[in-house]
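J.: One structure follows; several queries about it will come next.
The values are calculated or read from the model by the stated rules, or taken from the named source; none is laboratory data. This is a predicted model, so every value here is computed, not measured. Heads up, the Cβs are rebuilt from the backbone with ideal geometry, glycines too, and the neighbour counts pull from every protein chain shown. Note: areas computed on protein heavy atoms with side chains; ligands, DNA, RNA excluded. Shrake-Rupley method; radii C 1.70, N 1.55, O 1.52, S 1.80 Å.
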Amino acid sequence: MKASDIMKREIVTVSNETVGEALDLMEEMKIRQLPVVNEQGEVIGVLSPRKILSAALPRYITEGLLEDVSYAPDISGYLESFKGLTSRNVREVMDTEFVKVSPDTPTMEIATIFTRLSIDSVVVADDDNRLAGLITPVDVVFRLCEYAKAG
Amino acid sequence: MHLETGMLTASSIFIITYAVLMAEKFNRAVVTMLGATLLVFLGIVNQEELIEGVDFNTIGLLVGMMTIVLISQKTGMFQYLAIKSAKIAKGEPWWVLVSLGTVTAVLSALLDNVTTVLLTVPVTILIADELKLDPYPFLVFQIFASNIGGTATLIGDPPNIMIGSAVGLTFLDFVLNVGVIVPLIFIATLIPFRLIYGKRLKVAAEQKARIMEFREDEAIKDVPLLKKSLFVLGLVTLGFIFHGQLHLEAATIALFGAALLVLITNEDFHGTMEGIEWTTVFFFVGLFGIVAGLEKTGVIESLADWMIAATGGDMVTTSLAILWLSAVASAIVDNIPFVATMIPMIKDMAPAMGGEGAIMPLWWALSLGACLGGNGSIIGASANVIVAGISERSGHPIRFFKFFVIAFPMMLLSIVISTVYLYLRYLI
C-alpha cells in the first residue's frame, strides 16, 4: 500500500490569504490542515492549528529559552498577539519545514514518520513539487483498518 | 628589550590567538588548544611545561560550580526568585527593575554570570511583556548587575577565580577587599539609570495587578531536589567562606559539592556531564598553555620590566594604571586572556615593588578593572553577549552603540568610584 492509496485528493489550499481567512476556511470546510501553494502550484508550506498557536507565542517561548510558563497568569498579551496574527499573510505564518513524500512512498514509512515526528500531516507531492494529496494519521489508520478487515 | 625567536614566536601565537578569538569565527576552545599545542610543536614549551601552566584549581572550580548549577536549575528556583522579586516590588516597574537587578547581582556573586542570566532573563522579558513595557531597561540593568555582582567574590567572575588561585587569596579576602565597594557601585549605577529610564517605567494599576497574579510556587518543579540543592549550595557557600581556615582550595569545595549533589539526587551523571560547557573548560586549558609559553620565553618578564620602567615602580601610578587599563581592555576585548597574561606579569613586578605582600593593591586593581570593565560594551563580558542574544531572539535586539553610549560612561563611573576607593584604602 502506498501514499497514493491513502491520501485525500481533493485538497483545499490557500496561497495568499490572511490567516483569518484561512481559519474561516478551516471552520467552513471542516478541515484542519491547509497546504499553502505558490503561483506555480508548488507546495511551499502547511498551515495548521498547532503552527498558528505557536506563531502567536513570543519567540523566547517557542525557541525554548523559557521552557515553563506554568506560573504565569493567563497571558492577555497572547490574546492580542493572536488577534494581530489573523491579519497576517498565511505565507508568513505557515510551517515551511514540512514533510513531503512521493505518491509511491510505502505505508510503513508514513506510519514511522508520524510516530517519530510530532506533525499532523504529510504532504504528497509529485516530481514537480505539485500537490498530489494530503495524509493525516487518521487517514492511515482508517485505510489500514479497511485493509485488515478485507484480508 | 632583548628579542629572541622564542619570544617572537610565543608572542605572535598569543596575538594571533587573541585576534582569531575576537573574530569569533571559530570555537574558542579549538582556537586556544591549537595555539597551545602549536607552541609545543614549535619547541617553545614541552608538554610538561604546558600542563604545569594549566591552573586546575580554576578549572576544577568552574566544573564544580557548573555541575551544581546544572542540577539546581532543574528545580526552577531561579525563575522563582525572579518572579518573587517582581512581586515584592508589587509590580511597580522601577522597583521591579531594582529587585530583579538585586537578585541577579547576588546570584552572580555566588554562581557564574552566564548561567544566572540564561535563567533569569527570559522570565524578565515575560514580566516586562506583562507590564506592557519594553524590556530594554530591565535587561540592560541586569547586565550591569551581573557584572557588578560577580566582582564581589572569589567565585563570582572568572578574573577573580584566576587571581585568587594564582595569588592564594581566599573567598573572604575578596569579600573584604573588593566586595565591600560593590554595593556602593550598584547603588551608584542606579542613579543615572533612574534619570535616564525613570520616566518610561510607569504603568497602570492593571498591569501591576497582573504581576501579582504570577504564581511563583508553580515555578518550583521538584521540591525534594530543591531541598537537596539548597543544602549543597549552603554547604558550598559555607565552605567558600571558611576555605582559608580549612586550608582547602576553592576547587576542592566546588568539586566536593558537585559530587555530593549528584550522589544525593541520583542525577544521571552522563546527562549532567553533557550539560557542562566543555568549550569554556578547554578554552581555559589552551589559554593557560599559551600563557605558559609567554612566561617561559620571557615575554611576560619583559612586559613586567617595561611596566616598571613606565610607572617608575610607584605603587599609586601602577595600581591606577592597572585599574584603568584593565577596565578599558575588558570593555573591548575578552578579559580572560588579558587577565591570564596580567597575572604572571604582576607577579614578576613584585620584587621591584616591595615584594609579594606589598603588591596587594595591584591585585585589587586588576580584579576591579577586569570585572567592572565588562560593563563597558555589549561584548565586554560573556553574560552581556548571552543577554543580547536572548533579547534578539525575543524580538528586542540590543544594538552595540545604543548600549555603548549608556554603558561605557556608567562603567567609567564605577571605575572612578573604584579609583577613589583604592586610593583611600590602600594607597595613602
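J.: Excluding B:Glu130 itself, calculate the net charge of residues whose Cβ lies under 14 Å from the Cβ of B:Glu130, where each Lys or Arg counts +1 and each Asp or Glu counts -1.
T.: Details: positive: B:Lys87, B:Lys90, B:Lys132, B:Lys208, B:Arg210, B:Arg215; negative: A:Asp74, A:Glu80, B:Glu92, B:Asp129, B:Asp134, B:Glu206, B:Glu213, B:Glu216.
Local net charge: -2.
J.: Same structure again: Of A:Ile119, B:Ile83, which has the most accessible area and how do the rest follow, probe 1.4 Å? Working shown, then result.
T.: Numbers: A:Ile119 50, B:Ile83 0 Å².
Largest accessible area first, the list is A:Ile119, B:Ile83.
J.: Over 29 Å between Cα atoms, which of B:Lys202/B:Lys227; B:Lys25/B:Lys84; B:Lys87/B:Lys227; A:Lys30/A:Lys51; A:Lys30/A:Lys100 qualify?
T.: B:Lys202/B:Lys227; B:Lys25/B:Lys84
J.: Tabulate in residue order the Karplus-calculated ³J(HN,Hα) for the range B:87-97, using 6.51 cos²θ - 1.76 cosθ + 1.60 with θ = phi - 60°, rounded to whole Hz; enter x for Gly and Pro.
T.: Those phi angles translate into 6, 4, 7, 6, x, 6, x, 4, 6, 5, 4 Hz.
J.: A follow-up question, please. Give me a single rounded figure for B:221-229: the average over its residues of other chain Cβ atoms within 10 Å of their Cβ. Don't skip to the end; give the middle numbers.
T.: Details: counts 3, 0, 0, 0, 0, 0, 0, 0, 0.
Average neighbour count from other chains, rounded to a whole number: 0.
J.: Pop a pseudo-label 7 angstrom from the Cα along the beta-carbon direction at both B:Met360 and B:Leu176 and give the gap in nm to one decimal.
T.: Inter-label distance under the simple model: 0.8 nm.
J.: Say a paramagnetic label sat at a point 7 Å from the Cα of B:Ile15, along Cα to Cβ; which residues of the range B:282-310 have their backbone N under 15 Å from it?
T.: B:294, B:299-300, B:303, by backbone N distance to the label point.
J.: Next up: Counting each DSSP H run of 4 or more residues in chain A as -39500 (n - 2.57), what helix-only mean residue ellipticity at 222 nm follows after dividing by all residues, to the nearest 500 deg cm²/dmol?
T.: -11500 deg cm²/dmol
J.: Follow-up question, since we're still on this one. Going by average Cβ neighbours within 10 Å, how do the peptides B:91-99, A:16-24, B:46-54 rank, with the highest at the top? Let's see the in-between values first.
T.: Numbers: B:91-99: 21.4, A:16-24: 17.0, B:46-54: 15.4.
Top of the packing list down: B:91-99, A:16-24, B:46-54.
J.: Still on this structure: Run the helix sum for chain B: -39,500 (n - 2.57) per DSSP H stretch of 4+ residues, divided by residue count, reported at 222 nm to the nearest 500 deg cm²/dmol.
T.: -24500 deg cm²/dmol
J.: Now, a different point. Given charges of +1 on the Cβ of Lys and Arg and -1 on the Cβ of Asp and Glu, with all other atoms neutral, how large is the dipole of chain B about its Cα centre, in debye to the nearest 20?
T.: Magnitude of the dipole: close to 1680 debye.
J.: Calculate one ³J(HN,Hα) per residue across the range B:314-323 by plugging θ = phi - 60° into the Karplus curve 6.51 cos²θ - 1.76 cosθ + 1.60, and present them in order as whole Hz with x for glycine and proline.
T.: Calculated HN-Hα couplings, in order: 7, 4, 4, 4, 5, 4, 5, 4, 5, 4 Hz.
J.: Shifting gears a bit: Using only alpha carbon pairs under 8 Å that are at least six residues apart, calculate the relative contact order of the range B:177-291 and give it in whole percent.
T.: 17
J.: If you take the charge dipole of the protein assembly as shown about its Cα centre, with +1 on Lys and Arg Cβ and -1 on Asp and Glu Cβ, which of B:Thr297, B:Gly312, B:Val45 is farthest toward its positive end?
T.: Towards the positive end, the residue furthest out is B:Gly312.
J.: While we're looking at this one, here's another question. Taking each residue of A:58-65 in turn, how many C-beta atoms of other protein chains fall within 10 Å of its C-beta, and what is the average?
T.: 6
J.: Turning to a different aspect of this structure: Semi-axes of the equivalent ellipsoid for the protein assembly as shown, please: Cα gyration tensor eigenvalues, times 5, square-rooted, ordered largest first, whole Å.
T.: They are 52, 29, 23 Å, listed from largest to smallest.
J.: Please list, short to long, the whole-number percent of alpha-carbon pairs of the range B:198-339 in consecutive 10 angstrom bins beginning at zero.
T.: Taking every Cα pair in the range B:198-339, the percentages come to 8, 18, 23, 24, 19, 8, 1.
J.: Describe numerically, in nm with one decimal, the distance between label points set 7 Å from Cα along Cα→Cβ at B:Phe269 and at B:Phe231.
T.: 2.0
J.: In nm, what is the difference between 0.36 nm times the number of residues separating B:Glu213 and B:Tyr426 and their Cα-Cα distance? Could you put the intermediate results ahead of the total?
T.: Numbers: separation 213, 0.36 × 213 = 76.68 nm, distance 4.98 nm.
Length gained, B:Glu213 through B:Tyr426: 71.7 nm.
J.: Pull out a ≥ b ≥ c, the square roots of the eigenvalues of the alpha-carbon gyration tensor of the range A:15-151, then state rounded if a/c is under 1.5, prolate if not and a/b is larger than b/c, and oblate in the remaining case.
T.: Because a/c hits 1.5 or more and a/b exceeds b/c, the range A:15-151 counts as prolate.
J.: Set Lys and Arg Cβ to +1 and Asp and Glu Cβ to -1, take the dipole of the range B:239-347 about its Cα centre, and tell me which of B:Ser326, B:Leu248, B:Thr279 lies farthest positive.
T.: B:Ser326
J.: Under the Kirkwood approximation for Rh and a Cα-based Rg, what ratio Rg/Rh is obtained for the range A:102-151?
T.: A ratio of 1.00.
J.: For peptide B:117-123, how many partner chain Cβ atoms fall within 10 Å of a residue's Cβ, on average?
T.: Per-residue shielding by partner chains comes out at 3.
J.: Order of B:144-157, B:102-115 by packing, highest average Cβ count within 10 Å first?
T.: On the way: B:144-157: 29.3, B:102-115: 23.9.
Result, highest mean first: B:144-157, B:102-115.
J.: For A:Val101, what residues show an amide H to amide H distance below 5 Å, using hydrogens built from the backbone and excluding near sequence neighbours?
T.: For A:Val101, whose amide H was placed from the backbone, the distant partners under 5 Å are A:Val123, A:Val124, A:Ala125.
J.: Hey, another quick one. With label points built 7 Å along Cα→Cβ from the Cα atoms of A:Ile44 and B:Ala205, find their separation and express it in nm.
T.: In this crude spin-label approximation the distance works out to 5.0 nm.
J.: At R0 = 60 Å, how high is the FRET efficiency between B:Leu260 and A:Asn89 if r is their beta carbon distance? Nearest 0.05 is fine.
T.: The computed FRET efficiency comes out at 0.60.
J.: Next question. Please report how far the C-alpha centroid of the range B:272-293 lies from that of the range B:61-106, rounded to the nearest whole angstrom.
T.: Taking the Cα centre of each part, the range B:272-293 and the range B:61-106 sit 27 Å apart.
J.: Would you mind checking which residues have amide H under 5 Å from A:Gly45's amide H? H placed 1.01 Å from N; only 5 or more apart, or other chain.
T.: Those lying under 5 Å, H to H, from A:Gly45 are A:Val36.
J.: Right, here's the next one. Any idea what the relative contact order of the range A:38-96 is, in percent, if you count C-alpha pairs under 8 Å spaced at least 6 apart?
T.: Computed value for the range A:38-96: 61 percent relative contact order.
J.: Now for a different question. Please list B:410-421, B:255-266 highest first by mean number of surrounding beta-carbon atoms within 10 Å per residue.
T.: So the order, starting with the most tightly packed, is B:410-421, B:255-266.
J.: Sticking with this structure for a sec: Considering Cα pairs under 8 angstrom that are at least six residues apart, work out the relative contact order of chain B and quote it in whole percent.
T.: 24
J.: So, one more: Quick one: what are the phi-derived ³J(HN,Hα) couplings along the range B:36-45, Karplus 6.51/-1.76/1.60 with θ = phi - 60°, whole Hz, x for glycine and proline?
T.: Taking θ as phi minus 60°, the curve returns 5, 5, 4, 4, 5, 4, 7, x, 6, 9 Hz for the range B:36-45.
J.: In nm, what is the difference between 0.36 nm times the number of residues separating A:Val12 and A:Cys145 and their Cα-Cα distance? Walk me through the numbers before you get to the answer.
T.: Working: separation 133, 0.36 × 133 = 47.88 nm, distance 2.54 nm.
Separation in residues times 0.36 nm, less the Cα-Cα distance, equals 45.3 nm.
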